[in-house]
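Notes follow once the structure below has been shown.
The values are calculated or read from the model by the stated rules, or taken from the named source; none is laboratory data. Please read all numbers here as calculations on a predicted model, not as lab measurements. Cβ placement follows ideal geometry from the backbone for every residue including glycine, while neighbour counts extend to all protein chains displayed. These accessible areas exclude ligands, DNA and RNA; they are computed on the full protein's heavy atoms, side chains included. Shrake-Rupley method; radii C 1.70, N 1.55, O 1.52, S 1.80 Å.
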Amino acid sequence: TPHFMRYSGLTGACINAYLFNKFVGRAIAGEPYIDRARNYMIETNWSNGEVVQRGTGANYGVDGFLRPGFAYAHGLDYLRSKVIEGNEFDQNFNFDQDSDEPFLSRDWKIKFSAAWVPKRLEMDINFMDNIRGLLKKAIHEQLISEIGKDGEILDKPHEILLKKIFGEIENSSNDPIIAEDFWNEAIEKMGKTDQRVIDFHVPIAMLLEKAVDEILDFARLYYGQNKRISSEYEHQPKSVDFISDDFAVQAQNFTSSLTLSSSLSAAALTLLLVAEGEGNMPRIGSAILAAFTPFIAFGSITNASQYKTRNEMSREVFRDTRYLPFLQEVFSCMKSEDQTEVPLTANPFYREIYELRTKFIEDCTYYNLKASGEFNQSQYEPTPFTNAFRTFANSPGDDASAADFLLLLQTKLIPSVFHENSYIQQTLTDLTVVLKRLIDYNRRKSLITEEAMKSAKVLFERAILFESRLDGSLQRGHVKWGFFKSRKLLHGHLWTSLVQYWWDKIYLARPGKIPKSAQEARGRGKSTLRPISAETIEIRAQTDALIKELPQSETGGLKRSTQDLQQFYHASKESYVASLIAVSGTLSFFTGIIFTIGNIGAAATNSQNSGFNNLVTLGTYSFGLITPITALLAMLHLWRKFWILYSLSGKLGKKSSNGNNDNIKTIISVTRSQELVTLMRFIASAGAAVALYSGFAARETDVDLDRAPAWIGLGSLALHLLSIVYLLFIEYFIRYKFDPRLGEYLSESFREEVVDLYNAFSMQMTNADTNQDQELLTWEYVAREFLHDHRFDTVFAADRFSALYYFLQSGLPGIATVKA
């Protein structure tokens, strides 16, 4: 790639030039050739790994360059040249990786294993046995070819004789034969032959077989250590942005700006109204206060738009990566007869396999693929693959057809036909993972009751209809400037604020009313009047009901799906709220500008210019009638936050009464302080709303309120500013003193709850993804569920909350033992 040629290529050229310069310099100094050449070999071997690491960032197996593909014969030719080079320089052929000078360095084993062993197939016995046999056969073919080309051999053993000898030895035992035993027996069976065959060619073949075994074992070793992808980016815990919840971390910042905006608006409007006719100073003061509003409102608009985009992206993730696994979990709980009745287009396993099949065919065309069958190049027609796929499609729920398809992939297509193209191999490897999952899930039927199978069918009928509504609700597209996104009219902020938000509030979901028949489920699933958030929460409740009917060992996947549905539900609701904030912020933005310009102009012209007076009137009406919506929104969010804090402090209080450490007591005090700040802001927002409405009413009616609206407005602003000072005190004098290991202490304090969640979200381990990756995924679900039940984000804010979130995703020590 251009990136590799620019960085790795130049690095390699510089290193090679430097090494060759040393080689020549040592010659001038009189160092013997054999010593110079041996050092040159060792240093070149080292620099190769350095070049690759500099050029690719060590993303072995992910990066395009380090997906090498070559015929087995070509790879073995290279290894053979290294063996001969090692013989010439008296290299010690040590296959112990811990030795000072192993035959194959770590980097070379990484590259060969990346080419020969696709990720997720390291522990696949059928594949590994087959590729080992193919490589061994290739070594035999290479030996026969090299003996035939060697002009120094006078008495050459015939090709047919050698193949017969190799076949007899292999067939003599069902267990793998050690390389040294194999070749010693081969030498014995050759009888009298040219000594060069025994002294030169056979030892090379033996070393090659040992090297092959070491590379394949190395792939398994790195699979077990989760090092086949070495970049930390691939393994780091998810950030807090991956959480979609009711009033999530990012949304909590809105309350401050909303309250401040409404308080400033109230102070500006009431100051003008109560002091009207007392000169220009009230106008100037009102204009100054109103001038801050557009800046605060613009911040609210951008933050709310970004928050909406993040939640919409969360909904897209559910559709793209979580919805189909949810269908597969439900589908696998149905009776075989019910599964057969499902059309192929609705069968979730068939759909995933069909998508991979389509990608495979397209890749064959894209690469103009020439695949090697038995080490000879020929144009490949994917007939065996197509035939196996058609057989599977005729009975997609049958273990036998799935097993046959899987065996074809494991023993022929991946290790033999497509071993030169790692991108094709990746698609076929993904196919093996789906087929293994299908076969594994089919065993559930013997553990599930008839009643549970019926419930699964009813849920599947409803969940499959959810897809069309889901696709229609997504708002895909590019984001500009970090917050702006072009949307359809029905997805825009205005329509969402005026229609969707309020319809979602008015409509009462009925999660407790679970359909009892497939017909009833289809009827509810086809209803277009029901908001998608209501449909989501009802499907989640129906899934929870199904979980209760299943054996606990089979509920891990469905439990994860319920959390995915819950995240989708909150993302939908929060998206509506964000639109409402964006619209109210837009109105405040323009109102502040109009009101400020009007007052400045009116003050400059002594209220003689009707245009400026009209602007003031327009701004007054907007502040009096529309801006209170911002205050009401702030009150709504502050009440949500207060309720979350109050619930959390109750849970923490129970922990404190059980004799937990001082950290819990400190967190309780911070939580109580946050409750006080939230109440202060709630009162400030309520005061701003009262001041805006009362001040406007005093102007438009004959009611005489004297200066009460002004005092209420100024008091609201003062109370909000006081809450900011109090928050700064909490941040820098209480939160600042939190122990850096707070995440660990909190997690340990709630160990029993975490253990229960881990057991609920755990699934049976597979041999595809590494155990570490599977555990990491389990802990992601555990962390999100725990932090949904215990809303520490409202207390710690994003930075300290992320420490707790990261720690939980890393897992608590000893939990796996508890599960076992």
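Of note:
- When the criteria are applied in full, K22 fails the requirement of being of a type outside the set (V, I, T), open to solvent by less than 40 Å² (accessible area, probe 1.4 Å) and modelled with pLDDT of 75 or more.
- Some residue of region 253-266 being out of contact with any Leu (no Cβ under 6 Å at 6 or more places or on another chain), at pLDDT 80 or above, polar (S, T, N, Q) and farther than 23 Å from I147 by Cβ: no
- Taken over region 288-343, the criterion of being under 26 Å from P628 (Cα atoms) and open to solvent by 30 Å² or more (accessible area, probe 1.4 Å) is satisfied by I288, L289, A291, F292, F295, I296, F298, N303, Q306.
- With respect to the conditions (1) part of a helix (DSSP H, G or I); (2) touching a helix residue (DSSP H, G or I) at 6+ places or on another chain (Cβ under 8 Å); (3) touching a residue at least 12 places away in the same chain (Cβ under 8 Å); (4) not acidic (D, E), Q426 falls short on a single one, namely (2).
- Of the residues making up region 485-544, those that are open to solvent by less than 20 Å² (accessible area, probe 1.4 Å) and among the polar types (S, T, N, Q) are T496, S497, S533, T536, Q542, T543.
- Of everything in region 559-580 that is in contact with a Ser or Thr (Cβ under 6 Å, 6 or more places away or on another chain) and of a type in the set (A, V, I, L, M), the residue that is surrounded by the fewest Cβ atoms within 10 Å (Cβ to Cβ) is L580.
- Pairing each residue of region 468-493 that is of a type in the set (S, T, N, Q) with any residue that is in a loop (DSSP other than H, G, I, E, B), provided the two are 6+ apart or on different chains, yields C-beta distances under 8 Å for Q475/R487; Q475/K488; S486/G477; S486/H478.
- Region 719-728 - residue that is open to solvent by 30 Å² or more (accessible area, probe 1.4 Å) and in contact (Cβ under 8 Å) with a residue 12 or more places away in the chain and, of those, nearest to the chain's Cα centre (by Cα): L727
Conditions (1) of a type in the set (S, T, Y); (2) in contact with a Leu (Cβ under 7 Å, 6 or more places away or on another chain), marked per residue:
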residue: F733; (1), (2): no, no
residue: Y745; (1), (2): yes, no
residue: F761; (1), (2): no, no
residue: T766; (1), (2): yes, no
residue: Y781; (1), (2): yes, no
residue: T794; (1), (2): yes, yes
residue: F801; (1), (2): no, no
residue: G811; (1), (2): no, no
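- Checked against (1) crowded, with 20+ Cβ neighbours inside 10 Å; (2) of a type in the set (V, I, T); (3) within 30 Å of D564 (Cβ to Cβ), T270 passes all but a single condition, namely (3).
- Of D320, D338, all but one fail to be in a helix (DSSP H, G or I), closer than 30 Å to D440 by Cα and over 32 Å from the mean Cα position of the chain (by Cα); the exception is D338.
- Complete set of residues in region 156-166 that are at pLDDT 80 or above and open to solvent by 50 Å² or more (accessible area, probe 1.4 Å): E159, I160, L161, K163, K164
- Selection status of I712, closer than 18 Å to A797 by Cβ and either of a type in the set (K, R) or at pLDDT 75 or above (or both): no
- Residues of region 171-191 satisfying the condition of being touching a residue at least 24 places away in the same chain (Cβ under 8 Å) and among the charged types (D, E, K, R): E180, K189
- Number of positions in region 449-478 that are open to solvent by less than 60 Å² (accessible area, probe 1.4 Å), in contact with a helix residue (DSSP H, G or I) (Cβ under 7 Å, 6 or more places away or on another chain) and not in a helix (DSSP H, G or I): 2
- Residues that are under 43 Å from the mean Cα position of the chain (by Cα), open to solvent by 30 Å² or more (accessible area, probe 1.4 Å) and hydroxyl-bearing (S, T, Y), drawn from region 581-614: T586
- Hits in region 522-553 (condition: of a type in the set (G, A, S) and closer than 20 Å to E329 by Cβ): G525, A541, A545, S553
- Taken together, I169, I215, I153, I198 contain a single residue that is touching a helix residue (DSSP H, G or I) at 6+ places or on another chain (Cβ under 9 Å), among the aliphatic types (A, V, I, L, M), over 19 Å from L134 (Cα atoms) and open to solvent by less than 30 Å² (accessible area, probe 1.4 Å), which is I153.
- Scan of region 386-400 for residues that are open to solvent by 10 Å² or more (accessible area, probe 1.4 Å) and assigned to a helix (DSSP H, G or I), ordered by number: T386, N387, A388, F389, R390, T391, A393, N394, D399, A400
- Any pair with Cβ under 6 angstrom, 6 or more apart, that starts in region 683-706 at a residue that is more than 15 Å from I626 (Cα to Cα) and modelled with pLDDT of 65 or more and ends at one that is open to solvent by less than 30 Å² (accessible area, probe 1.4 Å) and among the β-branched types (V, I, T): A684/T259
Quick grid of which residues meet (1) touching a Leu at 6+ places or on another chain (Cβ under 7 Å); (2) among the hydrophobic types (A, V, I, L, M, F, W, C); (3) closer than 19 Å to P102 by Cβ:
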residue: N174; (1), (2), (3): no, no, no
residue: A179; (1), (2), (3): no, yes, yes
residue: I187; (1), (2), (3): no, yes, no
residue: M190; (1), (2), (3): no, yes, no
residue: H201; (1), (2), (3): yes, no, no
residue: A211; (1), (2), (3): yes, yes, yes
residue: F218; (1), (2), (3): no, yes, yes
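- Among the candidates S336, S286, the residue that is touching a residue at least 12 places away in the same chain (Cβ under 8 Å) and farther than 30 Å from A388 by Cα is uniquely S286.
- Residue that is most open to solvent (accessible area, probe 1.4 Å) [pool: residues in region 344-373 that are touching a helix residue (DSSP H, G or I) at 6+ places or on another chain (Cβ under 6 Å) and within 20 Å of L465 (Cβ to Cβ)]: L344
- Residue pairs meeting the criteria (Cβ under 8 Å; at least 6 apart or on separate chains; first closer than 13 Å to S244 by Cβ and among the acidic types (D, E), in region 566-589; second part of a helix (DSSP H, G or I) and open to solvent by less than 20 Å² (accessible area, probe 1.4 Å)): E574/A251; E574/Y307; E574/K308; E574/N311
- Within the option set E731, E744, E748, being open to solvent by 60 Å² or more (accessible area, probe 1.4 Å) and over 30 Å from K119 (Cβ atoms) holds for one residue only, E748.
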